[in-house]
Amino acid sequence: MQVEFHHLGLTTRHVPETAALLESLVGARTVSGPHLGHTLVEVGGVRIALVPWRTGDPEGRGFGEHLAFALPASRRSALLARLEAAGCAVEVVGERLYARALDALVLEFLFTA
C-alpha cells in the first residue's frame, strides 16, 4: 500500500486573511472544490487546510507549531518589506526570518543561495 501526504491542517480565526497573506508572501494559491468548510491553499507542492477556529478550541499555539518556507536569498529584502507591511512581528535568527502572523501563527523563512 502506497501512502501519500495529502495536507496539513491549521486552525485560524481569519481564514480569508490568512489565505491572502500566504498568497502575497509565498505565492500560495487557493485550491478550488468542496473542502468540508476548510479553505485549501497550496504552496511548493504542499496543501494547507485553513480551518475556522471553533468555540471551545484551546487558545494559543504550541511551541514548535509553524510553517517553514525556503526562498532564494535574492527575495529576502522584498519578503521582509511585505512582512512589515502586513503588520507581522519579525525576528531575525541567524540567516532565518521568523514572523508572527494572524492568530500568532509562526512563519519561518529559510534562504538558499
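Laid out as a table, the results:
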{"item": "Mean residue ellipticity (222 nm) of the chain, computed from DSSP H runs ≥ 4 via -39,500 (n - 2.57), nearest 500", "result": "-6000 deg cm²/dmol"}
{"item": "Between 0 and 90°, nearest 10: helix 76-85 axis offset from the chain longest Cα axis", "result": "60"}
{"item": "Trypsin sites (Lys or Arg not before Pro) within the stretch 15-113, DSSP loop, no more than 13 other Cβ atoms inside 10 Å", "result": "Arg54"}
{"item": "Which of Val41, Val51 has the fewest Cβ neighbours within 10 Å, and the rest in rising order", "result": "Val51, Val41"}
{"item": "Length gained when the stretch Ser32-Ala104 is fully extended (0.36 nm per residue, less Cα-Cα span)", "result": "23.3 nm"}
{"item": "Global form of the stretch 61-113, assessed from the alpha-carbon gyration tensor, a/c cut-off 1.5", "result": "oblate"}
{"item": "Label-point separation in nm, Ala73 to His6, each point 7 Å along Cα→Cβ", "result": "4.0"}
{"item": "Three-way shape call for the stretch 8-60 based on the alpha-carbon gyration tensor, with the a/c threshold at 1.5", "result": "prolate"}
{"item": "Nearest-ten-degree value, helix 15-26 long axis tilted from longest Cα axis of the chain", "result": "40"}
{"item": "Neighbour-limited loop hits for chymotrypsin sites (Phe, Trp or Tyr not before Pro), the stretch 1-77 (at most 16 other Cβ within 10 Å; DSSP other than H, G, I, E, B)", "result": "Phe5, Trp53, Phe63"}
{"item": "Highest-MSF residue in the chain out of Ala78, Ala86, Ala28 [GNM, Cα springs under 10 Å]", "result": "Ala78"}
{"item": "The stretch 1-51 versus the stretch 88-113: alpha-carbon centroid distance in Å", "result": "19"}
{"item": "Local net charge near Arg29, Cβ-Cβ under 14 Å (Lys/Arg +1, Asp/Glu -1)", "result": "-1"}
{"item": "The chain, relative contact order [Cα under 8 Å, separation at least 6], %", "result": "24"}
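We did not get these values from a lab; they are worked out from the coordinates using the rules stated. Here the structure is a predicted model, which means the values were calculated and not measured. Counting neighbours? That spans all protein chains shown, and the Cβs are built from the backbone with ideal geometry, glycine included.
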